[in-house]
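Only one structure is covered here, and it is reproduced in the block below.
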Amino acid sequence: MLDNLGTSLKDAVKKLAGKTVIDRAAVEELVRDLQRALLSADVNVKLVMHLSQTIKQRALDEEPPKGMGVREHVLRIVYQELVRMMGSPGEVALEPQTILMAGLQGSGKTTTTAKLARYFQRKGLRVGVICADTFRPGAYDQLKTLCDRISVPCFGDPKEPDALKIVREGLPKYRKLYEVIIIDTQGRHALEENLIEEIVNINEISHAEHRWLVIDAALGQQASEQARRFHEAIGIDGVLVTKMDGTAKGGGALSAVAETQSGIVFIGSGETIDDLERFDPDGFISRLLGM
Amino acid sequence: LLQEKDVEEPLFELEMVLLENDVALPVTDEIIARMRRDLVGRHRKIGASVDDLVVSTLRSALCGVLGEGLDLSRYIREHERPVKILFTGVNGTGKTTTVAKVGQYLQTNGFTVVIGAGDTFRAGAIEQIRTHADRLGIKTIQHQAGADPSAVLFDAVQYAKAHDIDVVLADTAGRFHNRANLMNQLDKIRRVMKPDLVVYVDEAVAGNDAVIRADEFNKAVGTDAVVLTKADMDPKGGAAISVAHTVGKPILFLGTGQGYDDIVPFEPRAVVNELLGDES
Ligand SMILES: Nc1nc2c(ncn2[C@@H]2O[C@H](COP(=O)(O)OP(=O)(O)OP(=O)(O)O)[C@@H](O)[C@H]2O)c(=O)[nH]1
Ligand SMILES: Nc1nc2c(ncn2[C@@H]2O[C@H](COP(=O)(O)OP(=O)(O)OP(=O)(O)O)[C@@H](O)[C@H]2O)c(=O)[nH]1
Ligand SMILES: [K+]
Ligand SMILES: [Mg+2]
Ligand SMILES: [Mg+2]
């Protein structure tokens with residue numbers, strides 16, 4: 001994610017090296033490079049403008065702490081503001097819980113549902129999965145096939161058109177038998193009022209502890225608006241970024257994090273069940289800026 | 001005469017419009033730079049506003065990038081049957097759904113269709129395309145999960161030839177352009193089934209990566225036409241401009257929802273009007 005930030009920022013930062021007083025032109029150039037890096041990583045345009053303004057202001061206003069060079073000072077500000085934008089990583093407790101999956105069509109919910117089942121299973125928890133996607137052809141087959149590979153039970157009925165009915169039937173059953181329950185849902189977007197209402201209802205009857213929004217790493221400027229609507233509907237408390245094994249930078253997911261005031265919980269980086277990683281923002285940005 | 005400083009402000013505003021609507025940064029840069037070159041030094045009629053001139057210049061620049069689209073029915077009428085269409089693209093963009101929609105579109109336009117279930121990899125993929133095809137009354141040629149997709153699609157073509165079917169629609173598994181083995185597999189599919197049209201499918205909500213992957217797919221297996229799906233999520237999706245600018249091939253359809261009718265032949269003016277507002 002944002003990995004081209006490294007080189008372009010490093011170039012800009014070099015120009016600050018050895019300076020003892022803040023050079024306005026150099027800061028402006030750095031901010032411009034930062035803007036371009038973030039924009040080509042798909043961070044929300046308004047967020048980028050706001051962030052770069054803040055960084056510029058702080059770099060020009062704040063005195064570097066004693067003994068700190070200008071270069072380190074500015075880098076530290078960039079780092080702090082980026083960390084702030086990323087939020088803290090979403091919490092994952094190894095305890096009984098219900099997780100509701102939400103997201104746009106094709107974002108990777110079903111695949112990630114199986115990956116999460118695998119994750120909790122490996123941690124020694126008993127996991128069950130519910131297929132509340134009653135719309136997409138083959139949705140149950142898809143989830144069931146993935147779950148069979150890891151011997152995780154999958155509740156669902158490809159002939160039942162009512163997703164709420166499936167959750168109402170499956171959840172009490174599975175709560176008696178399993179500790180972690182993950183509910184996969186059909187894809188939907190902000191403008192589909194009836195589908196938004198459906199997930200509001202699923203959330204209400206399931207009392208899920210977590211409502212995680214699945215975001216494709218390649219999602220562009222729509223990320224903020226889509227996340228806003230999902231957040232308003234069900235209160236998103238974590239973002240799952242998928243398809244990080246491609247070349248997309250994931251700035252849309254960061255924008256979704258900013259919009260929902262949540263954090264990135266996991267990163268999906270492949271099509272197989274084990275391709276799931278926890279997210280580490282600190283190490284991530286450090287690597288990003290070569291610090 | 002228009003000076004650099006006259007166009008600076010309106011160009012900056014347009015740059016923001018393009019970026020906020022997912023026209024990728026390098027594409028935006030190029031469009032704005034070309035406009036600056038075209039505008040500076042141009043004569044301005046007395047009374048005409050700079051803003052209007054800038055917007056109308058952008059309007060025609062974007063129409064130029066987007067091209068005129070492609071009339072699929074006409075293409076099929078003008079080519080030897082069966083016309084073979086191969087659908088490609090990264091994961092989850094809407095290839096399978098588009099195959100179903102195009103199938104219905106072609107049937108409505110009087111053509112016979114067979115679908116090849118060329119995604120033998122993803123869990124549930126065969127059931128998915130099969131269900132769509134059954135609902136639409138379209139014959140599906142399928143093998144087992146894990147089978148060689150080239151073999152499936154070869155069979156689909158043979159079936160079409162034996163049964164005088166007009167069009168073969170070949171679904172494929174989603175794959176990333178940076179996975180050499182998967183791209184080689186796609187190239188093999190292309191060599192075996194010899195498609196008349198390779199249709200690259202991406203989504204209107206894709207950001208900057210749209211440029212990179214469109215370019216890589218084009219280099220690896222070629223692209224003859226483009227479908228942009230999920231335009232209903234974001235009617236202004238500038239990904240159309242990013243992709244068209246990158247591959248320079250016509251856009252066939254926009255996908256506008258999950259129903260079989262949610263597919264519209266591409267019209268450059270409509271897209272530009274969404275982006276910049278209707279022409280006054
Ligand atoms: N390469 C890669 N592919 C992924 C990843 N996550 C999901 N996919 C693929 O993306 C496509 C869509 O994934 P799904 O899990 O079906 O997405 P979904 O959100 O459930 O889709 P709908 O239910 O139709 O809304 C499939 O081809 C998956 O194999 C990932 O991290 N990397
Ligand atoms: N809103 C909307 N959803 C769409 C559109 N086209 C496809 N979808 C949905 O997007 C999801 C993914 O579509 P698929 O057709 O399975 O995508 P794919 O490219 O075949 O996916 P893989 O084979 O896994 O790579 C499904 O839930 C579709 O219903 C569209 O135009 N608008
Ligand atoms: K997608
Ligand atoms: Mg799904
Ligand atoms: Mg498919």
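Residue A:145 meets the stated requirement of being within 14 Å of ligand 2 (Cβ to nearest atom) and not basic (Lys, Arg). Pairs linking a residue in region B:51-64 that is over 22 Å from residue B:243 (Cβ atoms) to a residue that is not in a helix (DSSP H, G or I), with Cβ atoms under 7 Å and 6 or more positions apart or on different chains, are B:53/B:44. Considering region A:86-138 alone, what residues qualify as being open to solvent by less than 30 Å² (accessible area, probe 1.4 Å), under 20 Å from residue A:279 (Cα atoms), more than 16 Å from ligand 5 (Cβ to nearest atom) and within 14 Å of chain B (Cβ to nearest Cβ)? Within region A:86-138, A:103, A:112, A:113, A:114, A:115, A:117 meet the criteria.
Here's a check for you: in region B:121-154, which residue that is touching a Gly at 6+ places or on another chain (Cβ under 6 Å) and in a loop (DSSP other than H, G, I, E, B) is nearest to ligand 5 (Cβ to nearest atom)? Top of the filtered list is B:124. In the condition set (1) under 19 Å from residue A:142 (Cα atoms); (2) within 16 Å of ligand 3 (Cβ to nearest atom), residue B:133 is compliant with all but (2).
Condition check ((1) within 16 Å of the chain's Cα centre (by Cα); (2) surrounded by 24 or more Cβ atoms within 10 Å (Cβ to Cβ); (3) within 24 Å of residue A:273 (Cα to Cα); (4) free of Cβ contacts under 8 Å to residues at least 12 places away in the same chain) across all residues:
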{"position": "A:164", "(1), (2), (3), (4)": "no, no, no, no"}
{"position": "A:179", "(1), (2), (3), (4)": "no, no, yes, no"}
{"position": "A:194", "(1), (2), (3), (4)": "no, no, no, yes"}
{"position": "A:215", "(1), (2), (3), (4)": "yes, yes, yes, no"}
{"position": "A:231", "(1), (2), (3), (4)": "yes, no, no, no"}
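Within region A:76-96, the residues that satisfy the criterion of being in contact (Cβ under 8 Å) with a residue 24 or more places away in the chain, on the phi < 0 side of the Ramachandran plot and not β-branched (Val, Ile, Thr) are A:79, A:81, A:82, A:85, A:86, A:88, A:89, A:90, A:91, A:94, A:95, A:96. For residue B:190, the criteria (1) in contact with a Leu (Cβ under 7 Å, 6 or more places away or on another chain); (2) within 14 Å of chain A (Cβ to nearest Cβ); (3) modelled with pLDDT of 95 or more; (4) surrounded by fewer than 23 Cβ atoms within 10 Å (Cβ to Cβ) hold in every case but one, which is (2).
Conditions tested, residue by residue: (1) at pLDDT 90 or above; (2) more than 14 Å from chain B (Cβ to nearest Cβ); (3) more than 27 Å from residue B:210 (Cα to Cα).
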residue: A:16; (1), (2), (3): no, yes, yes
residue: A:21; (1), (2), (3): no, yes, yes
residue: A:33; (1), (2), (3): no, no, no
residue: A:38; (1), (2), (3): no, no, no
residue: A:49; (1), (2), (3): yes, no, no
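When each of A:157, A:141 is tested for being within 16 Å of ligand 5 (Cβ to nearest atom) and either open to solvent by 50 Å² or more (accessible area, probe 1.4 Å) or not aliphatic (A, V, I, L, M) (or both), the lone residue that passes is A:141. Screening residue B:157 against (1) within 14 Å of chain A (Cβ to nearest Cβ); (2) of a type in the set (A, V, I, L, M); (3) under 24 Å from the mean Cα position of the chain (by Cα); (4) crowded, with 16+ Cβ neighbours inside 10 Å leaves a single unmet condition, (1). Just one of the numbered conditions (1) more than 11 Å from the chain's Cα centre (by Cα); (2) facing chain B (nearest Cβ under 10 Å) is not true of residue A:223: (1). Counting the residues of region B:267-279 that are part of a loop (DSSP other than H, G, I, E, B) and in contact with a helix residue (DSSP H, G or I) (Cβ under 8 Å, 6 or more places away or on another chain) gives 1. For region B:228-261, name all the residues that are touching a residue at least 40 places away in the same chain (Cβ under 8 Å), crowded, with 17+ Cβ neighbours inside 10 Å and of a type in the set (Asp, Glu). Within region B:228-261, B:234 is the sole residue that qualifies. Tell me, which residue of region B:75-96 that is within 25 Å of residue B:124 (Cβ to Cβ) and hydroxyl-bearing (Ser, Thr, Tyr) is farthest from ligand 4 (Cβ to nearest atom)? Here the residue is B:88.
The values are calculated or read from the model by the stated rules, or taken from the named source; none is laboratory data. Since the structure is predicted, the reported quantities are computational estimates derived from the model, not experimental observations. Reconstructed Cβ throughout: ideal geometry from the backbone, glycine too, with neighbour counts over all protein chains shown. Remember, those area values only see protein heavy atoms, side chains included, never the ligands or the DNA or RNA. Shrake-Rupley method; radii C 1.70, N 1.55, O 1.52, S 1.80 Å.
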